[in-house]
Every structure is written in structure tokens, then in C-alpha cells.
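Below is one structure; the comments refer to it alone.
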Amino acid sequence: MVKPHNQYMPKPKPAAPKTQAPSDQLDLRSGQSIELLKALHILTREGKINQDSRRKLKQVNHLFQFIEKPLTEMLSQRLAQGSTMPIILADHGAGKSYLGFMIHDLFFKPQQAAHGRSVGQVIGIETRTELVAASQQLAQQLGFEEGMQFVNASVSQATADHRLPEQVDMVTALHACDTATDDAIAFGLTKQAQYMALVPCCQAEVAACLRQDKALQLARTPLAELWRHPLHTREMGSQITNVMRCLYLESQGYQVTVTELVGWEHSMKNELILAHRSGQKKRSAGERLHALLAELGLKDWGLRRFTALEN
Ligand SMILES: C[S@@+](CC[C@H](N)C(=O)[O-])C[C@H]1O[C@@H](n2cnc3c(N)ncnc32)[C@H](O)[C@@H]1O
């Protein structure tokens, strides 16, 4: 006889799986190398992960999702044209090069295997010598050295650095500190990058300008109430900086999309600016940028930062 179901009885818990592959727990992408994640110390030797590493992995995998499509499109275009020109991706403020290694692992390495030749290169740009040396060593150890290069330079120096090619195809900057995102934009403009994917860190310059002229601005415009309190000064400084970065990119011939990288619970610095070069410089964006700079008392700063902006 079938027992009647008692709705007040607690439902039996499903049995926990005895062993769970790390990829199930980690939400990894198909083909993503566990060995690489261990070599990067994102996973422990036993395949475990802590909260910080989980957060970083999520950020990097999400960013890769956004850049995979443009990389694929650029490669298809080159193959269709019979071009063997490598795709060059410059990653600014590379740190331990998590992003660079994963782009190589998930995109360039399988494409190299499919086409029987190298199809591109990731160049990590980083000021900290020890991180550059460690990345170089790891790339050699993993046999990635053909597709990866690491340059010990600041982002602002990188534009004129002879080790870097005249043109790059894609610029990435994941939490590159402070003004390094602005330098990455300047680099991308000079190198005529087709795509830029920027996740800015906090930027202190604009907040400092707002702070300096606060009394004056509060008297002049009610909008200055938006940054009267110190916390708001910092937040508004970041917000204004990112808004202006987008206008600047549009004024220089890029189509811009702004979205969030991951859920806010994973990172406070979560804004992703995606820019695609259309070559159509948007005059109205430049005019808006000039007007905003004037309205907020940031003209001098704007002249220093947005050097390609026409008057
Ligand atoms: C917050 S970490 C992010 C590292 C990496 N992109 C990631 O998401 O794991 C920022 C890195 O940028 C580097 N950095 C800061 N300013 C830089 C600059 N102007 N040029 C090059 N690297 C810079 C720092 O040394 C640091 O390694």
C-alpha cells in the first residue's frame, strides 16, 4: 500500500554527493584548465578555493565572456582575409596576470591547436617587477611563452615602449589602480585598438578636485550638494570620472556600452566599460564633455586627462 504523503513531514534531504569535481563547484568554463588555476594559486593543490580567489575567478571568467566574442570575430575576419597577422591584446595593470593566462588558456591556446599556428599574443603590462618575473616564469613553465609577453612598465610608459607593437587589437584593464585606466584609454587610442574592456578601480584625481573647490561649488551650484559629504565626494568623483571616460571614448570614435561585471556582492568596483572602435568621432560627446568639465570646475584636469579632445 502506498503511504499517504504527509505535507507536515519534513522532506528527506537529497544525499550529498560523495565527491564533487572542482569544475562543478566552481562554475568553470568548458575546457578551463584546473592545472592552470592551481599554478596561478587560485586553486590549492587539492583543488580547493577560498572566498577571495572565488571572487577573482568569477570576475575574470565574466570579463572573458565579454571579450570572447570580439576576439572570435577579429580572428574569423583575419582568417577570411587570409591574414596571418596575430591578434594583439594588451592587458594593463596585469598584476599576477590571471586574466592574461586565462585568455590564453581559453582562447589563444585552443585556436592555436585548431589552426596549427599561433594566432595571437597577450601582453601583460605591470609596474611591479616581481610580478612580471613570476608571470614570465609561469608562462615558460606552462609552455605559453610564444603567446604571452610581459612588460615591466607603467601604462603611461607603455605607449612609447619599443617592446610593444605600433598597433594593438584589444586593450583590457581589470582594476588597474587609480589613473591607470585613463592611461590605458590613452594607450588604446594611440594604438588604434579595435576594442577596449575596462573595469576601473577607484580614481582619486576628480574627487581631489571636487574637494578642493567644494566651498566655491556649493555656493555656485545646487548640484554640488551631490558631493558635500566626504563619502559622496569620493563616490561622485568615481562616477564623474567614468561618465567622462565614456564621453571621451565616444568623442574619439568608439561605441560605448556600460554594464556590470559581476553581481555587486562580488565586487564594489564592478563597472565594465566596453568600447568598440567605429571610427565615427561623435562631436556631440566632445561638446557634452567640455560642458560637464566647465560646469563641475574640472577644466584644467580635463585638459590634462583628455589630451585628444578637440576644443
Ligand atoms: C588591483 S591590481 C589588479 C591586477 C589584475 N588586473 C587583476 O585584476 O587581478 C592592480 C595592478 O595594477 C598595477 N598598476 C598600478 N598602477 C599601474 C600603472 N600605472 N601601470 C602599470 N601597472 C600598474 C599594480 O601594481 C597592480 O598589480
Only residues that are more than 18 Å from Ser33 (Cβ to Cβ) and away from the ligand (no atom under 16 Å from the Cβ): list them for the stretch 85-117, please.
Met85, Pro86, Ile87, Ile88, His115, Gly116, Arg117
Which residues, counting only those in the stretch 161-200, are touching a Ser or Thr at 6+ places or on another chain (Cβ under 7 Å) and within 12 Å of the ligand (Cβ to nearest atom)?
Ala173, Asp183, Ala186, Phe187, Ala197, Leu198, Pro200
Selection over the stretch 79-99 where residues are outside any loop (DSSP other than H, G, I, E, B) and either β-branched (Val, Ile, Thr) or out of contact with any strand residue (DSSP E or B) (no Cβ under 7 Å at 6 or more places or on another chain) (or both) yields a count of 5
Looking at (1) over 21 Å from Phe107 (Cα atoms); (2) in contact (Cβ under 8 Å) with a residue 40 or more places away in the chain; (3) in contact with a strand residue (DSSP E or B) (Cβ under 8 Å, 6 or more places away or on another chain), which one does Tyr195 not meet, given that it meets all the others?
(1)
Restricting to the stretch 128-160, and then to whatever is open to solvent by 90 Å² or more (accessible area, probe 1.4 Å) and polar (S, T, N, Q), can you tell me which residue is nearest to the ligand (Cβ to nearest atom)?
Gln157
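Of Glu68, Glu73, which residue is open to solvent by 80 Å² or more (accessible area, probe 1.4 Å) and either in contact with a helix residue (DSSP H, G or I) (Cβ under 7 Å, 6 or more places away or on another chain) or part of a helix (DSSP H, G or I) (or both)? So that I can check it myself, show each step before the final result.
On the way: Glu68 fails: open to solvent by 80 Å² or more (accessible area, probe 1.4 Å).
Unique residue meeting the criteria: Glu73.
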Criterion (farther than 30 Å from Ile240 by Cα and touching a residue at least 24 places away in the same chain (Cβ under 8 Å)) met by exactly one of Ala134, Ala113:
Ala134
Scan the stretch 45-65 for residues that are under 21 Å from Cys202 (Cα atoms) and open to solvent by 90 Å² or more (accessible area, probe 1.4 Å) and report the count.
1
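The values are calculated or read from the model by the stated rules, or taken from the named source; none is laboratory data. Every value quoted in this text rests on a predicted model; they were computed, and no experiment measured them. We place every Cβ from the backbone using ideal geometry, glycine too, and count neighbours over all the protein chains shown. For the accessible areas, the whole protein counts, side chains as well, though only heavy atoms, and no ligand, DNA or RNA atoms are used. Shrake-Rupley method; radii C 1.70, N 1.55, O 1.52, S 1.80 Å.
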